[in-house]
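Here the structure is laid out as structure tokens; the discussion comes afterwards.
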Amino acid sequence: MAGWRAGAVAVLALLLFPPVSVAEEAVPIATQVPILFKLFSMDKNLSRHGGSEFSFALFFDSKNGESRRQREEFERTLGGGRKVGGLLIAFRAYDVSEGMDFEKVLQESAGLYAAAGIERHLDKILSASRARSVTAASGSASLAEKGFAIGFEIDQGRPRIVINLPAAKAQGCDFSADVLKLARVIR
């Protein structure tokens with residue numbers, strides 16, 4: 001089973017990690033989304049969420065143009081009917097511009113994605129994700145370095161996954177060694 005998973009992850013990486021121009025600063029959302037949900041499906045603790053759906057929260061700031069664009073692109077790329085480990089994804093976007101109770105919002109969530117422009121809320125998002133065992137992801141390697149479990153970066157013109165192992169464990173996530181081999185791991 002582990003050999004099959006390693007092969008599937010390797011093929012996924014080859015198919016989904018097209019070369020990116022050096023001038024681009026970030027991994028495109030259209031590339032991040034399928035990889036992100038494949039990662040969620042490979043979390044050994046996926047079953048901890050129970051229920052018939054994988055509830056997923058996206059935090060964005062409606063007063064920030066890039067944040068709005070990322071939310072729209074994420075939602076468009078995700079589409080409808082996508083599943084994680086056999087569970088239908090229930091996607092909800094939350095505007096942080098007016099403030100919110102992150103712990104309450106994450107009470108029913110299994111995963112979260114932070115769009116650009118939410119930096120002033122990082123401490124509250126991370127605290128709530130740890131308290132509620134919700135895996136936090138972002139398109140930014142720097143946010144992974146600050147405590148998000150998953151981030152993305154460009155390495156030699158190609159997208160690369162960044163996994164903050166202590167953060168992932170604190171957020172209740174457990175990735176296999178096969179997944180960790182594909183990522184830059186922060187220990």
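The values are calculated or read from the model by the stated rules, or taken from the named source; none is laboratory data. Quick caveat: nothing in here was measured; it's all calculated off a predicted structure. Note that each Cβ is placed from the backbone with ideal geometry, even for glycine, and that neighbours are counted across all protein chains shown.
Among the residues of the stretch 115-147, which ones are within 18 Å of F74 (Cα to Cα) and not in a helix (DSSP H, G or I)?
Passing the criteria: A115, A116, G117, I118, T135, A136, A137, S138, G139, S140.
When you go through S67, S55 one by one, which is the residue that is on the phi < 0 side of the Ramachandran plot, in contact (Cβ under 8 Å) with a residue 40 or more places away in the chain and not in a helix (DSSP H, G or I)?
On the way: S67 fails: not in a helix (DSSP H, G or I).
Testing whether each residue is on the phi < 0 side of the Ramachandran plot, in contact (Cβ under 8 Å) with a residue 40 or more places away in the chain and not in a helix (DSSP H, G or I) leaves just S55.
Taking the stretch 74-111, which residues are surrounded by 19 or more Cβ atoms within 10 Å (Cβ to Cβ), closer than 17 Å to F40 by Cα and either aliphatic (A, V, I, L, M) or touching a Ser or Thr at 6+ places or on another chain (Cβ under 8 Å) (or both)?
If the condition is that a residue be surrounded by 19 or more Cβ atoms within 10 Å (Cβ to Cβ), closer than 17 Å to F40 by Cα and either aliphatic (A, V, I, L, M) or touching a Ser or Thr at 6+ places or on another chain (Cβ under 8 Å) (or both), then L78, V84, L87, I89, L106, S109, A110, G111 are the ones that fit.
From the list A115, A177, A170, A131, which residue is small (G, A, S) and under 13 Å from the mean Cα position of the chain (by Cα)? Spell out the reasoning first.
Working: A177 fails: under 13 Å from the mean Cα position of the chain (by Cα); A170 fails: under 13 Å from the mean Cα position of the chain (by Cα); A131 fails: under 13 Å from the mean Cα position of the chain (by Cα).
Going through A115, A177, A170, A131 in turn, just one is small (G, A, S) and under 13 Å from the mean Cα position of the chain (by Cα): A115.
Of the residues that make up the stretch 40-52, is at least one touching a helix residue (DSSP H, G or I) at 6+ places or on another chain (Cβ under 6 Å), touching a residue at least 60 places away in the same chain (Cβ under 8 Å) and either more than 19 Å from A128 (Cβ to Cβ) or of a type outside the set (F, W, Y) (or both)?
For the stretch 40-52, residues touching a helix residue (DSSP H, G or I) at 6+ places or on another chain (Cβ under 6 Å), touching a residue at least 60 places away in the same chain (Cβ under 8 Å) and either more than 19 Å from A128 (Cβ to Cβ) or of a type outside the set (F, W, Y) (or both): present.
In the stretch 77-98, what count of residues is obtained for those that are in contact with a His (Cβ under 8 Å, 6 or more places away or on another chain) and closer than 11 Å to F59 by Cα? Step through it out loud before you land on a result.
Start the filter on the stretch 77-98 by keeping residues that are in contact with a His (Cβ under 8 Å, 6 or more places away or on another chain), which leaves 87, 96.
Among the residues that remain, those that are also closer than 11 Å to F59 by Cα are: 96.
Of the residues in the stretch 77-98, 1 are in contact with a His (Cβ under 8 Å, 6 or more places away or on another chain) and closer than 11 Å to F59 by Cα.
From L106, L112, L78, grab the single residue that is in contact (Cβ under 8 Å) with a residue 40 or more places away in the chain and over 23 Å from V27 (Cβ atoms).
L106
Name every residue in the stretch 133-187 that is closer than 19 Å to L122 by Cα, among the basic types (K, R) and surrounded by 16 or more Cβ atoms within 10 Å (Cβ to Cβ), in order of residue number.
Residue satisfying the conditions is K146 alone.
How about the stretch 148-170: which of its residues are assigned to a loop (DSSP other than H, G, I, E, B) and either under 17 Å from M100 (Cβ atoms) or at pLDDT below 95 (or both)? Write out each step before concluding.
The first filter runs over the stretch 148-170 and keeps only residues assigned to a loop (DSSP other than H, G, I, E, B), leaving 148-149, 156-157.
The answer is Q156, G157.
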